[in-house]
Structure formats: structure tokens, C-alpha cells
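Trainee: Here it is: the structure, laid out below.
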There are 2 protein chains.
Amino acid sequence: METLKDTLLQLSSFSDQEVEDIISHFKPVTLKKKGRFLTNGRVCRQIAYVEKGSLIYLQTSPEGDHIAIDFAFEGEFVAYLQSFLTETPADIDIIANEPTHLLVISKERLYHLYEKYSKMERIGRLLLEEGLMKMAKGRTIFQTMDNRERYLYVMKHSSKILERIPQYHIATYLGIKPESLSRIRRSLTQ
Amino acid sequence: METLKDTLLQLSSFSDQEVEDIISHFKPVTLKKKGRFLTNGRVCRQIAYVEKGSLIYLQTSPEGDHIAIDFAFEGEFVAYLQSFLTETPADIDIIANEPTHLLVISKERLYHLYEKYSKMERIGRLLLEEGLMKMAKGRTIFQTMDNRERYLYVMKHSSKILERIPQYHIATYLGIKPESLSRIRRSLTQ
DNA sequence: CAATTTCATTGACAATTGTTAAGAAATCAT
DNA sequence: ATGATTTCTTAACAATTGTCAATGAAATTG
């Protein structure tokens, strides 16, 4: 099982004492299925590490239907950067896709850690860069691939999504209707 | 005419002396039409302010055709953040869409300014946040709108693009074929 | 300015997707 | 377990887009 400790050590070189101190500032939070980590209209003031389970970033369209814009699984960090950085209300919900264990740290405590351990800032920067890359990549995929290609891309690079996320969420994530996703899946298994 | 000075003053509160000093670190660069600010394979080590003209961020697909992923006009900053931040080779070109005047600063000098004027860091952070927002918004637009809606969105929010960028570039920017763009345009004028 | 190239539009046809509706399969709650 | 709900699949038809080819307009070049 991958732990927060492992993840932090992979991102920067901390001593054992340092990591333990850093980890002690994260609080365990348990979400039931459909429990919320972030609620539409609120400012995202926390970052979470996913110990177990998975989450879905869900946007509600003007017409009222839900669109999945991202997912998070074990070993990943969760935050809505657009809200976290600018301290403006989020336009999405982040909900648990299944019973989920998180380790949560507030923005305040995180910035406190930045000051205590300058190496910690590197982690913040890496998360920001990673977020930027992910968005950019996501956009490129939409701009350059057709629906089947996007599905194959997810299949290759994020198979966890296909294994653990309901298909009607995967469909909105790919920007298509569930029926189209079904057709694509059928055409691939024959 | 909007100047770099105006733009900096809008983003943060500098004294006249400070702005003049900051501006003095930018070097004027003139690009002919199709001239390059960034070349595929090189690391983006500069940020430019567009005084006059416009630029296109162009990606080359595996099949060899060009896809416009972004544009920049007067009063905006230009850089390929993915390369600039991580110092990895860019996978795009940034070329002038017309004769263009830039004010260019190197990453080195910019970071030097960050140390000299802490207020300057705010500008760096704002540019980063802006970049992140832009990517996220761009992705959402692809995920939730059909081709006509995306065209109308650009029409409403970035009409400069429609006025000054060739349509075959706008088409790739919208993720469609030039023929489809033509049909959408016709259906709107009738 | 003429000649050439590039770009935008149009039409016909094929392929794909959205829409609507129905039924099968899986999941949930009691 | 079993009935109820949710999720997934399938089909038929309409609408949209891609593809290919041709034409005219516009821009570029010498």
C-alpha cells in the first residue's frame, strides 16, 4: 500500500523526522460514498491525500446535468486549484466515488509547512505544475482526438478510471453521451 | 495604446521609478509574419509582452498538420508555461501571425526582479493562475459545448480571434475542419 | 501588375453522434 | 432474497460532421 510518507519521499528528500512532522499536520477524514470533499459555492481551503478510495470532480451544467471533469485515486492529491489559489468559490463538487479515506491539510497549515521546510515548497510547485500539465494535456486531447481515440487514450493511460468509475460519468468526462460510449466499447470488443 | 507600463500598474502597485526600472529589463524584439518566438524542441526561457501584433501557439500533430492551441494579442504576455516552468523542450511553436513587436525578458532576469521587488512575484503568480484558469476553461468548453456553441463562445469572449486569425487556424483551435467552420458561419448569417 | 499560391466556400456522400425509447443487467435497500 | 432503483445496452431515425472534389476569392510573390 502506498502511503503519504512514500509519496512525499518520492517528491523530495526529507529526513524521517521531517516527514513524520509533516504528516502529523494532516488529519484523517473518512467519506462515505457520495460524501463531499468540496461543495459547489464554497472556497477550496484544503488539500487532501487519497489513502484509499476515489473521488470525482463534478461540474453542474446550466441545464442541470453533471459533468465529470477529473478523478482522483489512491496516492494522489486532491484540490480544486482554481478555487484554492484564488480563494474564489468553486463551481464544482468533489465527491467520493466509494468509501474513501483522506488525509487532509488546510491551506494555512500547508503554508506554515512551506515556511518551516523550504523543501516543502518544491512539493507545492510540483503539484501546481502537475495541475497545469494535466489541464493542458486534457485540452489537447479534446482538441486533437475523436471520441474513440479519447477512450483509447484513457484506456491506456488511466485504466483505473475505466475499472472503477461508472460509465455515465466516464461518458461526460469524454464529452459524449453514454450511448456513444456504449457503441465505442462494442466496436472495440468485436 | 496599451503599454507594458499600464499593464504592470494594473496588476500591482509600483512607483514610477520601480516600473521604469522593471521595464528597462525588457528588450524590444520585432518579428516578421511567421517569425518565431519559440521553436519546437527548444526550452522556453523567455516571457514576452505583446506591444503590437499577434501570435499563434502551434502544435504539430503526429500526422504533420498544425493545430492552434492558443493566441496572444496586444497587451498580453506570451510564454509556454509547460516548458518555461519545467525547463523541458517545448512541443509547440509560437509564431507571429503578422508583423509583431514584443518586449522580452529572460527567466533569469525575471527571477532577479522577483528578488528585487517582492511585489513583482505577485505578477508571476497571477500569470500562473491565469494560465491555469485559461487551460481549465478551455478544457471545459471542449467538454461541454458542441462546435457551434464553441464558435459562439469565441465570438463573444475573444472576438479578436475571429477578426485577425485565419479561419483554418480557428478551425483547428475549435477542434473541427475548416469546412465545418464554414457551415457553422453560414448557418449563423442566415 | 500579372501569375501563382493559398484560403474560404459549397455540394454530395459516408461516417459518426445525438435523441428517444425500450429492455436487459447490475446494484441497492428493506 | 426480492422488489425497486439505477445503470448499461440496443435499435431506429434525425442531425451533425468528416471526406473528397471543385470553384471562386483573396493574398502573396516575383
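Trainee: If I ask for residues that are under 11 Å from A:Glu98 (Cα atoms) and part of a strand (DSSP E or B), which ones from the stretch A:25-35 would you list?
Mentor: Matches in the stretch A:25-35: A:Thr30, A:Leu31.
Trainee: Specify the residue that is nearest to DNA strand D (Cβ to nearest atom); the eligible residues are those in the stretch A:147-168 that are in a helix (DSSP H, G or I) and among the hydroxyl-bearing types (Ser, Thr, Tyr).
Mentor: It comes out as A:Tyr168.
Trainee: Picking from A:Ser159, A:Ser83, which residue would you name as being surrounded by fewer than 18 Cβ atoms within 10 Å (Cβ to Cβ) and of a type in the set (S, T, N, Q)?
Mentor: A:Ser159
Trainee: Only residues that are more than 30 Å from A:Ile141 (Cβ to Cβ), among the hydroxyl-bearing types (Ser, Thr, Tyr), at pLDDT 95 or above and surrounded by 14 or more Cβ atoms within 10 Å (Cβ to Cβ): list them for the stretch B:9-66, please.
Mentor: Result: B:Tyr49, single match.
Trainee: Considering each of B:Glu18, B:Glu51 in turn, give the residue that is assigned to a strand (DSSP E or B) and of a type in the set (D, E, K, R).
Mentor: Among B:Glu18, B:Glu51, only B:Glu51 is assigned to a strand (DSSP E or B) and of a type in the set (D, E, K, R).
Trainee: Count, please, the residues in the stretch B:133-153 that happen to be more than 7 Å from chain A (Cβ to nearest Cβ), under 15 Å from the mean Cα position of the chain (by Cα) and without any contact (Cβ under 8 Å) to a residue 60 or more places away in the chain.
Mentor: 1
Trainee: Within the bounds of the stretch A:54-75, is there any residue that is part of a loop (DSSP other than H, G, I, E, B) and under 11 Å from the mean Cα position of the chain (by Cα)?
Mentor: yes
Trainee: Using beta carbons and a limit of 8 Å, which pairs, at least six apart or on different chains, have the first residue in the stretch B:164-185 and of a type in the set (D, E, K, R) and the second one in a helix (DSSP H, G or I) and modelled with pLDDT of 95 or more?
Mentor: Taking only residues 6 or more apart or on different chains, the pairs are B:Lys177/B:Ala171; B:Arg185/B:Tyr151.
Trainee: Which one of these is within 29 Å of A:Leu127 (Cβ to Cβ), crowded, with 18+ Cβ neighbours inside 10 Å and within 14 Å of another protein chain (Cβ to nearest Cβ): B:Ile123, B:Ile69, B:Ile105?
Mentor: B:Ile69 is the lone residue from the list that is within 29 Å of A:Leu127 (Cβ to Cβ), crowded, with 18+ Cβ neighbours inside 10 Å and within 14 Å of another protein chain (Cβ to nearest Cβ).
Trainee: On to the next question. Within the stretch A:123-132, identify whether any single residue is free of Cβ contacts under 8 Å to residues at least 24 places away in the same chain, away from DNA strand D (no atom under 12 Å from the Cβ), touching a helix residue (DSSP H, G or I) at 6+ places or on another chain (Cβ under 6 Å) and of a type in the set (Asp, Glu), and answer yes or no.
Mentor: Yes, because at least one residue in the stretch A:123-132 is free of Cβ contacts under 8 Å to residues at least 24 places away in the same chain, away from DNA strand D (no atom under 12 Å from the Cβ), touching a helix residue (DSSP H, G or I) at 6+ places or on another chain (Cβ under 6 Å) and of a type in the set (Asp, Glu).
Trainee: Does the stretch A:149-174 hold any residues that are within 11 Å of DNA strand C (Cβ to nearest atom) and over 16 Å from A:Ile69 (Cα atoms), and which are they?
Mentor: A:Glu149 - this is the single residue of the stretch A:149-174 that is within 11 Å of DNA strand C (Cβ to nearest atom) and over 16 Å from A:Ile69 (Cα atoms).
Trainee: Surrounded by 13 or more Cβ atoms within 10 Å (Cβ to Cβ) and more than 12 Å from DNA strand D (Cβ to nearest atom): does that describe B:Tyr173?
Mentor: When the stated conditions are applied, B:Tyr173 passes them.
Trainee: Can you name the number of the only condition in (1) touching a His at 6+ places or on another chain (Cβ under 9 Å); (2) within 16 Å of DNA strand C (Cβ to nearest atom); (3) among the β-branched types (Val, Ile, Thr); (4) farther than 23 Å from A:Lys137 by Cβ that B:Ile105 fails?
Mentor: Answer for B:Ile105: the failing condition is (2).
Trainee: Is it the case that B:Glu98 is within 14 Å of DNA strand D (Cβ to nearest atom) and not in a helix (DSSP H, G or I)?
Mentor: Against the criterion (within 14 Å of DNA strand D (Cβ to nearest atom) and not in a helix (DSSP H, G or I)), B:Glu98 qualifies.
Trainee: When the stretch A:51-83 is examined, which residues are found to be touching a Gly at 6+ places or on another chain (Cβ under 8 Å) and closer than 18 Å to A:Arg109 by Cβ?
Mentor: A:Leu81
The values are calculated or read from the model by the stated rules, or taken from the named source; none is laboratory data. Because the structure is predicted, anything quoted here is derived from the model rather than measured. Methodologically, a virtual Cβ is constructed for each residue, glycine included, from the backbone with ideal geometry; neighbour enumeration extends over all protein chains shown.
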